[in-house]
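A.B. asks: Sharing a structure, written as structure tokens. Questions coming.
The values are calculated or read from the model by the stated rules, or taken from the named source; none is laboratory data. In this text, all values refer to a predicted model and were calculated from it rather than measured experimentally. Positions of Cβ are generated from backbone atoms using ideal geometry, with glycine treated the same way; all protein chains shown enter the neighbour counts. Heads up: the accessible areas ignore ligands, DNA and RNA and are worked out on the full protein's heavy atoms, side chains in. Shrake-Rupley method; radii C 1.70, N 1.55, O 1.52, S 1.80 Å.
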Amino acid sequence: HHWGYGKEDGPSAWHTEYPVAKGNRQSPIDIIPDEARRDSSLGPIFLKYDRCTSLNIANNGHSVVVEFNDSDDRSVIQGGPLDNPYRLKQFHFHWAEKGCEGSEHTVAGVGYASELHLVHWNAAKYKTFEEAATAPDGLAVLGIFLELGDDHRWLHMITDALYMVKFKGSSSDFKGFNPKCLLPSNLHYWTYLGSLTTPPLHESVIWIVLKEPIVVSEKQLGMFRLLQFSGEEDSQRMRMENNFRPPQPLKERLLRQFKQ
Ligand SMILES: NS(O)(O)c1ccc(OCc2cn(-c3ccccc3)nn2)cc1
Ligand SMILES: [Zn+2]
């Protein structure tokens, strides 16, 4: 009996197998811009994705994930709230069904159509992603909102590959993709201490959520809904949609921001 996003195995049930779901630094959260504090010690973030090291694209039964070679510091995020460079490990998306809001973080109670997560780990302090994923400063996830509008000029490189990973457990080569093309023009951000938004829900994430969304078309986002939660052999088909966790209590946390 694995976790999912359905009625029985969805976010409201995760606490039974993962009690940290009711912890003090859970993600996502509702971001209230007026309550975000400016902090002079917070500088800009720097993304070094140049010599990019993408390896493959896969369907893990929860989302579509593009994985990277993380054997060195070729692709890293640094600066901002981070004390050292964090290595890019993978990126993936969260979305809803047609016409609904599928982002995980919300802004003043309003969701976006989808949310992209670029997952990085603190290789300066920890030996592996798995070790970092259980440490309070182990991971840094860059969250980017997707809003609906015109076609995104580069997203087709991902949507064109989705047919190869329709079913859970499928993966395919995906070399030479540079996620720099998915960034908005402005890197102003909110930051707070949180968690993985899926089981095991470890409270190991320094969240950096960009204020400026990127724009994708309904047609492009609709391609993600061709994916299945289920495997090729599974009797019943389960369209991959609504794979987002709702906002969790902020509790005693401080939300900070860099620039207006
Ligand atoms: N949605 S999100 O960007 O917050 C996000 C980012 C990364 C995630 O990793 C899942 C994971 C962690 N581990 C793990 C395995 C062994 C030891 C420790 C952790 N396995 N799968 C989940 C959610
Ligand atoms: Zn995510």
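A.B. asks: Residue by residue through the range 55-68, what is 3J(HN,Hα) from phi via Karplus (6.51 cos²θ - 1.76 cosθ + 1.60, θ = phi - 60°)? Round to whole Hz and write x for glycine and proline.
C.D. replies: Once rounded to whole Hz, the list reads 10, 8, 10, 9, 10, 9, x, 10, 7, 9, 10, 9, 9, 10.
A.B. asks: How high is the FRET efficiency from I32 to D73, r the C-beta distance, R0 35 Å, rounded to 0.05? Before the final figure, lay out the partial values.
C.D. replies: Working: r = 35 Å, r/R0 = 1.00.
In this case the efficiency is close to 0.50.
A.B. asks: Would you mind checking the pairs K89/K259; K48/K219; K48/K211; K89/K125 and listing those with alpha carbons more than 22 angstrom apart? Could you put the intermediate results ahead of the total?
C.D. replies: Details: K89/K259 27 Å; K48/K219 30 Å; K48/K211 19 Å; K89/K125 15 Å.
K89/K259; K48/K219, as the Cα separations exceed 22 Å there.
A.B. asks: GNM, the chain, Cα, under 10 Å: largest mean-square fluctuation among S63, S170, S41?
C.D. replies: Of S63, S170, S41, the Gaussian network model singles out S41 as fluctuating most.
A.B. asks: What are the ³J(HN,Hα) couplings of the range 30-46, residue after residue, when phi is run through the Karplus curve with 6.51, -1.76, 1.60 and θ = phi - 60°? Round to Hz, x for glycine and proline.
C.D. replies: These are the phi-based 3J(HN,Hα) values: 7, 8, 9, x, 5, 9, 7, 8, 6, 9, 4, 7, 8, x, x, 8, 10 Hz.
A.B. asks: Quickly estimate the mean residue ellipticity at 222 nm for the chain, helices only: each DSSP H run with n ≥ 4 gives -39500 (n - 2.57), and the total goes over all residues, rounded to 500. Present the calculation step by step, with values, prior to reporting the outcome.
C.D. replies: Working: 4 runs with 19 residues, N = 260.
Helix contribution divided over all residues of the chain: -1500 deg cm²/dmol.
A.B. asks: Something else about it: With an 8 Å cut-off on Cα pairs and a minimum separation of 6 or more residues, tell me the relative contact order of the chain in percent. Don't jump to the answer; show the numbers that get you there.
C.D. replies: Numbers: 638 pairs, mean separation 69.4, N = 260.
The normalised contact order for the chain reaches 27 percent.
A.B. asks: If you don't mind, another one. Would you mind counting up the charge near H2? Only other residues with Cβ under 13 Å from its Cβ, with Lys and Arg at +1 and Asp and Glu at -1.
C.D. replies: Details: positive: K168; negative: E8, D9, E17, D234.
Charge balance near H2 sits at -3.
A.B. asks: Can I ask one more? With each label point set 7 Å from Cα along the Cα-Cβ vector, what nm distance links M238 and H188?
C.D. replies: Using points 7 Å along Cα→Cβ, the separation is 4.1 nm.
A.B. asks: Return the aspartates and glutamates within reach of K251: Cα separation strictly under 14 angstrom, same-chain partners fewer than 8 residues apart disregarded; answer none if there are no such residues.
C.D. replies: D30, E35, E203
A.B. asks: Among the trypsin sites (Lys or Arg not before Pro) within the range 5-107, which fall in a DSSP loop and have no more than 13 other Cβ atoms within 10 Å of their own Cβ?
C.D. replies: Details: sites: K7, K22, R25, R37, R38, K48, R51, R74, R87, K89, K98; in loops: K7, R25, R51, R74, K98.
Sites meeting the loop and neighbour criteria: K7, R51, K98.
A.B. asks: Let me ask something else. Would you pull out the residues with amide H under 5 Å of Y189's amide H, same chain only if 5 or more places away, H placed 1.01 Å from N?
C.D. replies: The list, which skips near neighbours in sequence, is K211, F258.
A.B. asks: Could you please report the charge total around H152, scoring K, R as +1 and D, E as -1 over all other residues with beta-carbon less than 13 angstrom from its beta-carbon? Walk me through the intermediate numbers first.
C.D. replies: Values: positive: R153, K219; negative: E147, D150, D151, D160, E218.
Taking every Cβ under 13 Å from that of H152, the sum is -3.
A.B. asks: Note down the relative contact order for the range 122-260 as a percent, whole number, built from C-alpha pairs under 8 angstrom at least six residues apart.
C.D. replies: About 32 percent, as a whole number.
A.B. asks: Could you please report the charge total around G61, scoring K, R as +1 and D, E as -1 over all other residues with beta-carbon less than 11 angstrom from its beta-carbon? Walk me through the numbers before you get to the answer.
C.D. replies: On the way: positive: K168; negative: D234.
Around G61, the charge tally is 0.
A.B. asks: Which percent of the accessible area of the chain is formed by carbon and sulfur heavy atoms (probe 1.4 angstrom)? Can you show the working numbers first?
C.D. replies: Values: 6230 of 12060 Å².
Its accessible area is 52 percent carbon and sulfur atoms.
A.B. asks: More than 35 Å apart: what percent of Cα pairs in the chain qualify?
C.D. replies: Details: 2836 of 33670 pairs.
For the chain, the fraction of Cα-Cα distances above 35 Å is 8 percent.
A.B. asks: Ok, one more. Please list 3J(HN,Hα) in residue order for the range 159-164, calculated via the Karplus relation 6.51 cos²θ - 1.76 cosθ + 1.60 where θ = phi - 60°; whole Hz, with x for glycine and proline.
C.D. replies: Couplings: 4, 5, 9, 5, 4, 7 Hz.
A.B. asks: Also, I was wondering about something else. To make sure I understand the rule: partners must be aspartates and glutamates, Cα under 17 Å from the Cα of K166, and not fewer than 8 residues away in the same chain. Which ones qualify?
C.D. replies: Once the sequence-local aspartates and glutamates are set aside, what remains near K166 is E67, E97, E232, E233, D234, E241.
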